[in-house]
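Undergrad: Handing you this structure, nothing more for now.
Values quoted throughout were computed directly from the atomic coordinates according to the rules given, and no laboratory measurement underlies them. Note that the structure is a prediction, hence the values are computed from the model and not measured. Cβ placement follows ideal geometry from the backbone for every residue including glycine, while neighbour counts extend to all protein chains displayed.
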Amino acid sequence: MDGGDSRGKSFGEPVTQPDVLIIGGGVIGSAAAFFLTRAGNAGHVTVLEPDPLYSQAATPRASGGARRLFSRPENIKMSNYSIPFYENFAEHCTVDGEAPEIGFKRDGYLFIVPPEGVGIIERNHALQTSLGVKVDLLDPDALKRRFPAMNVSDIGAASHAPEDGCLEPNGALQGFRRKARSQGAEYLAEKVVGLAVEGTAVREVTLGSGRVLRPKAVICAAGTWSADIAAMAGMMLPVEPMQRHDHFWECRVEMERLPFVKDLNGLGFHNWDRGYAGSVVDFGVAAGHNWEVDHGYFQRVVWPHIAHRFPVMEELKLRDSWVGHYDRNRLDGNMILGNWPGKLDNFFVACGFSGHGLMHAPAVGRALAELVLQGGYQTLDLGRMGYQRVLANEPYAESGIR
Ligand SMILES: Cc1cc2nc3c(=O)[nH]c(=O)nc-3n(C[C@H](O)[C@H](O)[C@H](O)COP(=O)(O)OP(=O)(O)OC[C@H]3O[C@@H](n4cnc5c(N)ncnc54)[C@H](O)[C@@H]3O)c2cc1C
C-alpha cells in the first residue's frame with residue numbers, strides 16, 4: 001500500500017490521510033505500527049491513542065510475564081517468536097543509538113498442579129517439547145530439590161521452563177512506539193467515535209475532534225475498549241474488561257530466587273525488584289471497568305495462598321496494591337485476531353488477550369502486518385484464533401493453567 005491524500009482535514013491541524021489506521025497505541029497497536037512501518041510498503045501509518053500517558057491502558061499495569069507454557073500450539077509458537085524478540089529488543093528498537101530498556105530477566109516459569117492435574121501437565125509437556133520448548137517435568141521431590149522453600153505436600157507435578165521470564169511492560173510499549181515513530185508512524189492523541197461501513201469495508205473513521213479519516217485498512221487494538229469500537233462497524237466481540245488486582249510485597253526471610261509461579265487457583269507471582277509482584281486472579285469477577293482497589297483483597301485472598309505455598313512468607317510486608325483490566329474473551333480466554341470474513345474486509349481486530357497480550361505482542365504485531373500488507377499469514381498460521389470461531393461458538397481454550 002502506498003500513497004495517502006489529504007481529504008477530510010476539516011478540524012484543527014491538517015492530518016495526512018492514513019493508509020493504515022491503528023486504533024489504540026498500547027503494546028499491541030504499537031507493535032503493529034512497528035512491523036508495518038518496518039515493512040516499508042505500508043504507506044502512511046497513523047496510530048490513534050487518546051491517552052498518551054496510558055493512565056488506563058492494560059499494558060503498563062501488566063506483570064511482565066512471558067512464557068511458553070501453553071497448551072495451544074499457536075500460543076506456544078507465538079511465544080517461541082516473541083520471547084527471543086524481547087531478549088533482543090535493543091537490536092530491533094534502538095533509535096538514534098539509544099537502546100530501549102526492558103530489563104528482560106530469564107528467571108523462568110513454574111506451573112504447579114495437584115495430583116489430579118498431572119495428566120494435563122504431562123500432555124502439555126509433550127506438546128511443548130515437540131515445539132522446541134525447554135521445559136522440565138518435575139515430581140514433588142525434584143521440585144523440592146529445585147525450590148527448597150516451597151511446600152510441595154499437595155503438589156502432583158510441576159513444569160519448569162527455565163528460559164521463560166519477565167520484562168518491563170511500559171519499556172516494551174515505549175520501545176515499540178518510539179521505533180515506530182522513527183520509522184514514520186504518526187501518533188494522534190485522538191479517539192474514535194464512529195465507523196462508517198460501505199459494502200464490506202470500513203470507509204470512514206470519525207474522531208472525537210470531528211475529523212474524518214478514510215484509511216484503506218483499520219486495525220482495532222483498543223484492549224478493553226475493543227468491543228465497543230468493533231460494534232460501531234457491526235462486529236460483535238465477546239470481549240469485556242475484567243478487573244485484576246496486583247500487588248507488590250517484600251519478605252525479610254532470605255529464600256531462593258523464584259521463577260514466575262502459577263497454579264490452577266489463579267495464583268501467579270514472581271520476584272520483582274527487591275520483593276515479589278503478583279496476585280490470585282479472580283476469573284469470576286463481574287465484567288466492567290472498576291478502578292476501585294479492594295484493600296482487603298491481599299490479606300483475604302492472596303496472602304493465604306502464598307503463605308501456604310511458601311511458609312516463610314507468613315511474614316511479609318505488603319507495599320502496594322493496584323488494579324488493571326484484562327480484555328477478557330469470555331468465549332475461551334484466547335485472543336481474537338483478524339477480520340470478519342466476507343463481511344468486513346479491511347477491519348482487523350486484535351483483542352481478547354485475557355492476560356497474554358504483552359508476551360505475544362511481537363508475534364501479533366508481525367501477524368497484523370502480514371494480514372494488512374499481504375492479505376494472509378506468512379510466517380505463522382493463526383487462523384484458529386480468528387473471528388470465525390466466535391461466530392461458530394467454538395471455544396478454543398487453554399487446558400490447565402490459563
Ligand atoms: C494486572 C495485569 C497483569 C497482566 N500481566 C500480564 C503478563 O504477565 N503477561 C502478559 O503477556 N500480559 C499480561 N497482562 C495483559 C496485558 O497487559 C494485555 O494483554 C496487553 O497489555 C494488551 O495490550 P493492548 O495494547 O491490547 O491494550 P492496552 O494497553 O489497554 O491499550 C489499548 C489502548 O486503546 C486506547 N483506546 C481506548 N479507546 C479508544 C478509542 N475509542 N480510540 C482510540 N484508542 C482508544 C486506550 O487509550 C489504550 O491505550 C496483564 C494485564 C493486567 C491488567
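Undergrad: Give me the dipole magnitude in Debye, nearest 20, for the stretch 311-350 about the Cα centre, with unit charges on the beta carbon: positive for Lys and Arg, negative for Asp and Glu. Don't jump to the answer; show the numbers that get you there.
TA: On the way: 5 positive and 6 negative charges, 31 e Å.
Charge dipole of the stretch 311-350: 140 debye, to the nearest 20.
Undergrad: A further question follows. Whole-Å semi-axes of the stretch 99-249's equivalent ellipsoid, largest first, each the root of 5 times a Cα gyration tensor eigenvalue?
TA: Sorted largest first and rounded, they come to 44, 21, 15 Å.
Undergrad: Here's another thing I want to ask about it. Projecting each Cα onto the charge dipole of the chain (Lys/Arg +1, Asp/Glu -1 at the beta carbon, about the Cα centre), which of V118, A231, I83 comes out farthest on the positive side?
TA: Working it through, the farthest residue towards the positive pole turns out to be A231.
Undergrad: Rank by packing, highest mean first: peptides 166-177, 283-294, 205-216, with packing defined as the count of other Cβ atoms within 10 Å averaged across residues.
TA: Per-residue Cβ counts within 10 Å, averaged per peptide and sorted highest first, yield 166-177, 205-216, 283-294.
Undergrad: Working only with C-alpha atoms, what are the Rg and Dmax values of the stretch 1-144, expressed in angstrom?
TA: According to the Cα coordinates of the stretch 1-144, Rg and Dmax are 20.9, 69 Å.
Undergrad: In terms of Cα to Cα distance under 14 Å, which aspartates and glutamates are near enough to K216, apart from those fewer than 8 places away along the same chain?
TA: Those aspartates and glutamates meeting the cut-off are D2, D5, D19, E198, E204, D345.
Undergrad: Can I ask one more? What list of ³J(HN,Hα) values in whole Hz, one per residue of the stretch 331-339 in order, does the Karplus curve 6.51 cos²θ - 1.76 cosθ + 1.60 (θ = phi - 60°) give from phi, with Gly and Pro shown as x?
TA: Per-residue couplings from phi come out as 6, 8, x, 10, 5, 10, 10, x, 9 Hz.
Undergrad: Rounded to the nearest 20 debye, what is the charge dipole size of the chain about its Cα centre when +1 sits on each Lys and Arg Cβ and -1 on each Asp and Glu Cβ?
TA: Charge dipole of the chain: 320 debye, to the nearest 20.
Undergrad: Using alpha-carbon pairs under 8 Å, 6+ residues apart, how would you state the relative contact order of the chain in percent?
TA: RCO, the chain: 23 percent.
Undergrad: Now, a different point. Note the full-extension length gain between V253 and D154 as 0.36 nm times their separation in residues minus their Cα-Cα distance, in nm to one decimal.
TA: Full-extension gain reported as 33.3 nm.
Undergrad: When averaged across all projection directions, what area in nm² does the alpha-carbon convex hull of the stretch 317-385 cover?
TA: 6.4 nm²
Undergrad: Moving to a separate point now. Report, in degrees rounded to the nearest 10, the 0 to 90 angle that the Cα long axis of helix 169-182 makes with the longest principal axis of the chain.
TA: With both axes taken from Cα atoms, the answer is about 30 degrees.
Undergrad: Per the Kirkwood treatment, what hydrodynamic radius in Å, one decimal, follows for the chain from the mean inverse distance over all distinct Cα pairs?
TA: Its Kirkwood hydrodynamic radius stands at 21.8 Å.
Undergrad: Here's something else I'd like to know. Answer with one residue from S63, L371, C166: the one whose Cα lies farthest towards the positive end of the charge dipole of the chain, charges on Cβ with Lys, Arg +1 and Asp, Glu -1.
TA: Ranked along the dipole, the leading option is L371.
Undergrad: Please list, in chain and number order, the residues 5+ apart from N151 or on another chain whose amide H is under 5 Å from its amide H, with Hs placed from the backbone.
TA: Hits under the 5 Å cutoff: F310.
Undergrad: May I have the convex hull volume per residue, in Å³, for the Cα set of the stretch 13-71?
TA: Here the figure is 126 Å³ per residue.
Undergrad: Would you kindly calculate the mean projected area, averaged across all directions, of the convex hull enclosing the Cα atoms of the stretch 109-162, in square nanometres?
TA: Computing the convex hull of the Cα atoms and averaging its projections yields 3.3 nm².
Undergrad: Skipping prolines and chain starts, which residues have an amide H placed within reach, meaning under 5 Å, of the one on R319, given they are 5 or more residues away or on another chain?
TA: Excluding prolines and chain starts, which carry no amide H, the hits are F248, W249, E250.
Undergrad: Let me ask you something else. Search the structure for amide H atoms under 5 Å from the amide H of L267, placed 1.01 Å from N in the peptide plane, and list their residues when 5 or more places away or on another chain.
TA: HN-HN under 5 Å from L267: V281.
Undergrad: Oh, and also: Hey, quick one: spin label on F283, modelled 7 Å out along Cα-Cβ, who in the stretch 253-267 has an amide N within reach, i.e. under 18 Å?
TA: Residues 261-267 qualify, since their backbone N sits under 18 Å from the label point.
Undergrad: Tell me the label-point distance for the pair A196, D136, using the 7 Å Cα-to-Cβ offset, in nm and rounded to one decimal.
TA: With each label point 7 Å from Cα toward Cβ, the separation is 6.2 nm.
Undergrad: Continuing with this model, one more query. For a label point 7 angstrom out from the Cα of Q299 toward its Cβ, which stretches of the stretch 230-270 have the backbone nitrogen within less than 19 Å?
TA: Under 19 Å, as judged by backbone N against the label point of Q299, lie 245-252 of the stretch 230-270.
Undergrad: Mind grabbing the base-10 log of I(q)/I(0) for the stretch 242-324 at q = 0.12, 0.18 Å⁻¹? Debye formula, identical points on the C-alpha positions, no solvent, two decimal places.
TA: Results for the stretch 242-324 at q = 0.12, 0.18 Å⁻¹ read -0.33, -0.73.
Undergrad: Moving on. Which lysines, on any chain, are close to K134 with Cα under 21 Å apart, when same-chain ones fewer than 8 places away are left out?
TA: Partners within reach: K77, K105, K144, K262.
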